[in-house]
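This report refers to the structure that appears directly beneath it.
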Amino acid sequence: MPNFTTPLSNIRQVMIYPNPSAKTMATIQSEQGAHGICNGTLFNSSFQPIGNALWIDGVKKVAVTYFDGYEIGSTLTFQSHTGSHTDYIGGFSTFNNGNMDTNPNVNAGPRMGFGIKGSNMFFYHWTANPTSFTTVKSDLTSFGAQTAIMLDGGNSIQYNFGSRLSPKSSATVVANFVLFYFKDQAMPVRSQGSSGPVISYMQKLLRNHGFTITVDGVFGTATTSAITAFNAENGRSLSSCDATTWQQLGA
């Protein structure tokens with residue numbers, strides 16, 4: 001049943017990519033060097049995220065929530081959340097220990113989302129339109145899932161986990177994406193001029209090492225100076241962040 005499975009211990013980082021510039025999935029994955037990517041929350045005709053809870057860098061982007069979701073971080077957790085968050089994207093709680101837990105207002109259509117089975121995270125995609133929750137429950141039960149949630153589905157479904165690429169064209173534009181970085185794959189080389197969540201992550205790691213730089217997601221002159229100094233501290237003459245730098249930063 002799963003389209004993609006990986007050990008929870010293999011998840012290095014999960015990030016939210018807000019997409020006001022209306023970039024395609026393929027462009028974002030290339031620019032961010034993400035190992036995996038999928039579409040995120042619902043959005044309206046004005047290209048604003050709606051419905052699912054959404055927090056980015058401690059700022060609430062969507063006030064209306066659909067209850068349960070998953071916390072963005074080095075691992076995924078499936079539980080109810082209250083209060084403020086740093087990075088968080090919500091989803092419909094679909095399946096919990098053998099029981100369906102669905103919002104009656106969820107529209108019928110193709111379904112996609114994430115779940116937990118033992119020590120593994122899995123990604124699922126049902127292509128039938130509509131896909132009944134009876135089918136979802138039956139398949140998840142047979143698979144032995146413990147918990148699963150559903151993200152934005154229907155015509156927005158798109159993902160790329162290596163050989164597991166959605167049948168939908170990656171040219172479809174959505175309001176935000178979820179980026180995955182795995183420990184069994186090298187982090188992307190970044191240099192001055194790069195931008196996005198992966199740079200924010202690098203800047204946070206630099207701050208953990210005592211560098212007083214702003215976390216703004218832009219690899220500018222200040223970040224270049226910091227990464228150059230960090231590399232020098234580790235005996236390397238380099239103004240960019242390569243796989244070795246990422247490792248030494250603690251990614």
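None of the figures in this text is laboratory data; all of them are computed from the coordinates on show. Keep in mind that what you see is a predicted model, and the values were worked out from it rather than measured. Cβ atoms come from the backbone with ideal geometry, glycine included; neighbour counts cover every protein chain shown.
Residues whose amide H lies under 5 Å from that of Ile50, counting only those 5 or more places away or on a different chain, are Leu42, Phe43, Asn44; hydrogens are built 1.01 Å from N in the peptide plane. Between Phe182 and Arg12, His35, the built amide H atoms are under 5 Å apart, and every one of these is 5 or more places off in sequence or on another chain.
Taking label points 7 Å from Cα along the Cα-to-Cβ direction, Lys117 and Ser138 give a separation of 1.7 nm.
Using a/c under 1.5 as the rounded threshold, could you call the range 95-251 rounded, prolate or oblate? The axes a ≥ b ≥ c are square roots of the C-alpha gyration tensor eigenvalues, and prolate needs a/b larger than b/c, oblate otherwise. The shape class here is prolate. Extent along the principal axes, Cα only, for the range 159-223: 44, 27, 17 Å, with the longest axis given first. The simple spin-label model puts a point 7 Å past each Cα toward its Cβ; for Ala22 and Val189 those points are separated by 3.4 nm. Lysine pair count for the range 114-251 with Cα-Cα distance under 30 Å and sequence separation of 8 or more or different chains is 6. Sorting the segments 152-159, 204-211, 216-223 by their mean number of nearby beta carbons within 10 angstrom, highest to lowest, gives 152-159, 216-223, 204-211.
Between Asn208 and Asn155, what FRET efficiency comes out of the Förster formula 1/(1 + (r/R0)^6) with R0 = 41 Å and r the beta carbon distance, rounded to 0.05?
Working: r = 41 Å, r/R0 = 0.99.
In this case the efficiency is close to 0.50.
Applied to the range 197-210, the Karplus parametrisation 6.51 cos²θ - 1.76 cosθ + 1.60 on θ = phi - 60° returns per-residue 3J(HN,Hα) values of x, 5, 6, 4, 4, 4, 5, 5, 5, 4, 4, 4, 9, x Hz, with x for Gly and Pro.
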